[in-house]
Amino acid sequence: MDNQTPAIAAKWLYLFIGIAVLVNFSGIFVPITGPDGTLYASIAKTMAQRNNFVELFAYGKDWLDKPHFPFWIAALSFKLFGYTTWAYKLPAILFLLMGSGYTYLFGKALYNKQTGLWATLILLTAQHIVLSNNDVRAEPYLTGLIIAAVYHLYKSHTTNSYWQLLWGCLFTACAIMTKGMFAIIPIGGAIAGQFVITRQWKQLFNLRWLIGILLVLIFILPELYCLNQQFDLHPEKLVFDKHNVSGIRFFFWDSQFGRFFNTGPIKGNGDPTFFIHTTLWAFLPWSLLLFAAIFQFIKKGCKQTRATEWYCICGALLTFLLFSASKFQLPHYLNIVYPFFAIITAQYLHNVVKTSSIKGIWGVQTVLIWVLLVVIGVLHYFYQPETFTIAIGTCLVILLAGLFFLPPAISSNTIAKIVLRTALVSFFINVYLNTVFYKSLLHYQSASEAAVWINQHNPQNLPVVQFDDAYVSAMNFYSDVPVTTIVNDDLKQLPQGQFVLYAGSNRVNDLAAKGYKLTQLKTFQRYWISRLKPAFLNKATRAKELEEMQVAIVTRQ
């Protein structure tokens with residue numbers, strides 16, 4: 001085992017980063033995953049169709065949960081490219097790629113070019129980053145915006161540039177208009193943490209940061225205007241089963257701090273260890289290296305406080321700790337600090353020189369790679385996806401061959417080889433997941449499947465009706481005609497004349513028993529695909545886990 005600095009020729013890193021970009025695009029045509037992804041897509045679709053970029057509507061009602069920015073961007077994409085799956089996912093992926101570019105710039109500025117490139121590759125191959133570019137919500141936008149904001153604010157400090165401050169504040173404001181005030185935590189934590197730990201008190205209280213706060217407040221005015229127009233000027237609206245609900249108060253407090261303290265209208269149950277075990281799988285195949293990197297960073301940094309950069313560790317760990325203390329937790333919340341994690345991991349790998357450490361990294365990653373390959377093999381064996389093709393199989397064989405034979409041909413350095421091999425296993429896993437597994441899995445999101453079928457077999461453009469449940473947003477987005485959702489089984493909401501019904505077999509039978517004339521057209525199999533269980537993943541037992549859904553033409557007698 002060598003202990004030289006593990007350099008990799010830039011051309012190879014650019015190639016690997018290019019492949020990583022393509023892998024992140026590999027799920028762009030996979031149907032949008034519900035319930036959250038299809039809900040957000042439906043909101044953006046409604047915004048574009050109504051040409052109303054001020055108000056947010058879901059299920060035909062005023063919607064107060066998330067800020068406007070990602071819906072503005074998705075709606076503009078729909079205007080340009082139509083109401084398609086890829087038009088919804090494209091801008092989110094581009095924002096994430098912007099974030100990867102800023103990860104490179106920040107890593108290069110803090111350390112060196114090689115570290116910046118490694119950090120970019122690590123970020124683009126982290127499991128939940130690739131997953132979030134398929135199951136698109138707000139996180140790809142937020143991840144790109146936050147690292148961009150931190151980079152420009154860092155440059156504002158180091159170059160004394162107010163143009164950099166302006167850009168940093170603009171990105172900060174967009175991040176706030178994407179997820180709320182908690183977006184400030186990783187941004188402010190990174191900048192303030194650096195000054196506090198290195199005792200740069202004058203920099204902490206520099207006038208530029210007061211100017212920055214004012215700029216952010218100015219830049220979020222569009223969001224405040226929209227909330228005021230839709231909610232604060234209309235106290236008669238019923239929101240969260242209450243009247244007199246202030247959208248601005250919700251934005252500044254209930255949306256974020258209300259969830260944190262569990263006092264807002266949307267509540268959850270927190271687990272202090274949730275994000276620890278989430279990071280173990282979500283940052284794969286780099287998570288074990290990340291934990292080692294954080295330990296070594298803090299151990300060495302405490303001995304050289306002023307000579308160490310603390311931006312990444314402060315931005316990441318402050319957010320990590322606060323989210324861990326929150327009562328409302330979801331795996332994708334942590335994506336926003338993955339650029340910091342990637343830089344921390346990259347600098348650790350680039351600087352490791354002890355033979356024992358190199359041997360340990362080699363052993364751990366080799367075992368992990370084999371475990372991941374076995375998991376994919378077991379998943380394929382039991383799931384038996386019908387979407388596996390010769391072309392995809394050939395691509396996977398090439399990646400698998402590259403996994404074993406390409407790294408030694410590129411570099412003789414042990415760490416360099418393990419970085420490349422780890423990236424290649426991520427390529428293999430995510431090409432399989434996006435082009436085979438998820439493509440098959442989404443067939444069981446029957447609402448989107450049914451909507452596409454109805455679009456092709458509804459020449460009369462009959463109205464479409466569905467009953468309210470957790471799956472309705474997929475039908476709302478993918479249907480070409482307006483969808484009526486029946487709430488609380490109130491049949492008075494049914495349209496007059498003929499209509500197309502999408503419902504479970506029990507609902508269809510109930511309507512037939514009540515005198516409605518039904519003509520069955522098509523059946524689909526439904527499963528809650530965001531809550532996978534072994535019995536579903538096993539083809540031999542899958543049928544017992546499925547619910548039959550029907551499409552029928554209904555005529556009132």
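Hey, could you check the range 241-254 for residues that are in contact with a helix residue (DSSP H, G or I) (Cβ under 9 Å, 6 or more places away or on another chain) and more than 16 Å from A183 (Cα to Cα) and say which is least open to solvent (accessible area, probe 1.4 Å)?
Per the criteria, the residue is G247.
With I191, I211, I248 as the choices, which residue is under 30 Å from A58 (Cα atoms), in contact (Cβ under 8 Å) with a residue 12 or more places away in the chain and part of a helix (DSSP H, G or I)?
The match here is I248.
When both residues are 6+ apart or on different chains and their Cβ atoms are under 7 Å apart, which pairs have a first residue that lies in the range 454-474 and is among the acidic types (D, E), and a second that is open to solvent by 10 Å² or more (accessible area, probe 1.4 Å)?
If the second residue must be open to solvent by 10 Å² or more (accessible area, probe 1.4 Å), the pairs left are D468/T485; D468/V487.
So, of the residues in the range 74-84 that are assigned to a helix (DSSP H, G or I) and of a type in the set (F, W, Y), which turns out to be nearest to L233 (Cα to Cα)?
So the residue we want is F78.
Of all residues in the range 33-61, which are open to solvent by less than 30 Å² (accessible area, probe 1.4 Å) and either part of a loop (DSSP other than H, G, I, E, B) or of a type in the set (D, E, K, R) (or both)?
T33, G34, K45, L56
Could you tell me which residue of the range 3-32 is modelled with the highest pLDDT, considering only residues that are exposed (fewer than 15 other Cβ atoms within 10 Å of the Cβ) and hydroxyl-bearing (S, T, Y)?
It comes out as Y14.
Applying the selection to the range 426-439, what residues are open to solvent by 10 Å² or more (accessible area, probe 1.4 Å) and hydroxyl-bearing (S, T, Y)?
T435, Y438
Tell me the helices (runs of 4 or more DSSP H) entirely within the range 440-557 that contain at least 3 residues that are buried (at least 17 other Cβ atoms within 10 Å of the Cβ).
Here the list reads 446-456, 472-478, 505-513.
Return the pairs, sorted by first residue and then second, in which the second residue is at pLDDT 95 or above and aromatic (F, W, Y), the first residue lies in the range 62-73 and is outside any loop (DSSP other than H, G, I, E, B) and surrounded by fewer than 22 Cβ atoms within 10 Å (Cβ to Cβ), the beta carbons are less than 8 Å apart, and the residues are 6+ apart or on different chains.
These pairs meet every condition: W72/F53; I73/F95; I73/Y141.
Going by the structure shown, is I176 modelled with pLDDT of 95 or more, hydrophobic (A, V, I, L, M, F, W, C), buried (at least 17 other Cβ atoms within 10 Å of the Cβ) and closer than 27 Å to W310 by Cβ?
In short, yes.
The values are calculated or read from the model by the stated rules, or taken from the named source; none is laboratory data. Quick caveat, the model's predicted, so the values are computed rather than measured. Cβ: placed from backbone, ideal geometry, glycine included. Neighbour counts: every protein chain shown. Only protein heavy atoms, including side chains, enter the accessible area calculation; ligands, DNA and RNA are left aside. Shrake-Rupley method; radii C 1.70, N 1.55, O 1.52, S 1.80 Å.
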